[in-house]
Amino acid sequence: MAKKVLVATEKPFAAVAVNGIREIVEKQGYELVLLEKYTSKEELLAAVADVDAMIIRSDKATKEVIDAAKNLKIIVRAGAGYDNIDLEACTARGIVAMNTPGQNANAVAELVFGMLVYMIRNFYNGKAGHELKGKKIGIHAYGNVGQNVGRIAHGFGMEVYAYDPFMTADQIKAAGAIPVEKAEDMYAKCEFISLHAPATPATIKSINYDLVKNMPKNAYLINTARQEIIDEEGIAKIMEERPDFHFITDIAPACDCFKKFEGRFFATPKKMGAQTEEANINAGLAAARQIVDFFENGNERFRVNK
Ligand code: 3PG
């Protein structure tokens, strides 16, 4: 029987990416099943019931979903962060979980600057704003997205600093940024901080009052990573205390505490970092290829669970 590959995307890929995925899957003699813009967990549970493989984005692959997928052998998160997959549930069932690192990194990095310019120019309301040239940007976590942010920041004429607990100073230097050993030092130095850390037990709520409060005058904190890494009460407290502090996010905050800071807070209505045709094609097609390569050749290169 033909293998079934489900694409389950609450926020759909661009049509051109779906066509590309279909081509890869069908060329192999597999069947593509599409579940887009679903609105309930029940729809997802029903769709996973008989599939062999599945491609998701930020969709939540909980234990309930994994356990409902009786034939599932592989799940690929078309993107970088895989905190939405219950890896233990996958491992317990012998299911391979993968991501597609780097494939949507440029899209996220470009959005960082799109949002920064939008805010430092006062949402284009006619009032004089600011420029990025000559300012310092600190990149918190210098992986694929962070390095793309660094590349673009150089184009704006910014001084680029990076903190990454998993990289040596030489690696950071070789990747184009000035390494900073302690996160606190980077925050105290840079007017702009761009967050690119994954949500892990170590990073959850780690962007907190004490870390951020000493940013220089006219500070901008921009989050295109995960909502969970922000200590929202702590950041809201800084905004209360400092009228020069700005917070921009591509992930809706959990608390209601930022709306009152009009002109200093901006959130995209829907997470948009990776939402370009190019990124959808890169990540979606990579996911489909990884599935085929896994079934046909046993390739587990991008496996993220044990
Ligand atoms: C990622 O981890 O790759 C990004 O957060 C993109 O998420 P999305 O696929 O839901 O847009």
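The values are calculated or read from the model by the stated rules, or taken from the named source; none is laboratory data. This is a predicted model, so every value here is computed, not measured. Note: ideal-geometry Cβ built from the backbone for every residue, glycine included; neighbour counts use all protein chains shown. We work out accessible area using only protein heavy atoms, side chains counted, and drop any ligands, DNA or RNA first. Shrake-Rupley method; radii C 1.70, N 1.55, O 1.52, S 1.80 Å.
For residue 59, the stated conditions do not hold, so it cannot be described as open to solvent by less than 50 Å² (accessible area, probe 1.4 Å), of a type in the set (D, E, K, R) and away from the ligand (no atom under 12 Å from the Cβ).
Counting only helices (runs of 4 or more DSSP H) that sit wholly inside segment 78-171, those with at least 3 residues that are of a type in the set (Gly, Ala, Ser) and buried (at least 22 other Cβ atoms within 10 Å of the Cβ) are 105-120, 144-155. Screening the candidates 137, 120, 75 for the property of being assigned by TED's automatic domain parsing to the domain that holds residue 207 and farther than 30 Å from residue 169 by Cα yields one hit, 120. On the given criteria, is residue 33 surrounded by fewer than 19 Cβ atoms within 10 Å (Cβ to Cβ), of a type in the set (Val, Ile, Thr) and either touching a residue at least 12 places away in the same chain (Cβ under 8 Å) or assigned to a helix (DSSP H, G or I) (or both)? Yes. Residues that are within 11 Å of the ligand (Cβ to nearest atom), polar (S, T, N, Q) and touching a residue at least 40 places away in the same chain (Cβ under 8 Å) within segment 81-104 comprise 99, 100, 103, 104, listed in sequence order.
Within segment 173-190, the set of residues being among the charged types (D, E, K, R) and part of a loop (DSSP other than H, G, I, E, B) comprises 181, 182.
Annotation note: of 225, 254, the sole residue that is over 21 Å from residue 118 (Cβ atoms) and touching a residue at least 24 places away in the same chain (Cβ under 8 Å) is 254. Counting the residues of segment 258-271 that are in contact with a helix residue (DSSP H, G or I) (Cβ under 6 Å, 6 or more places away or on another chain) and open to solvent by 30 Å² or more (accessible area, probe 1.4 Å) gives 1.
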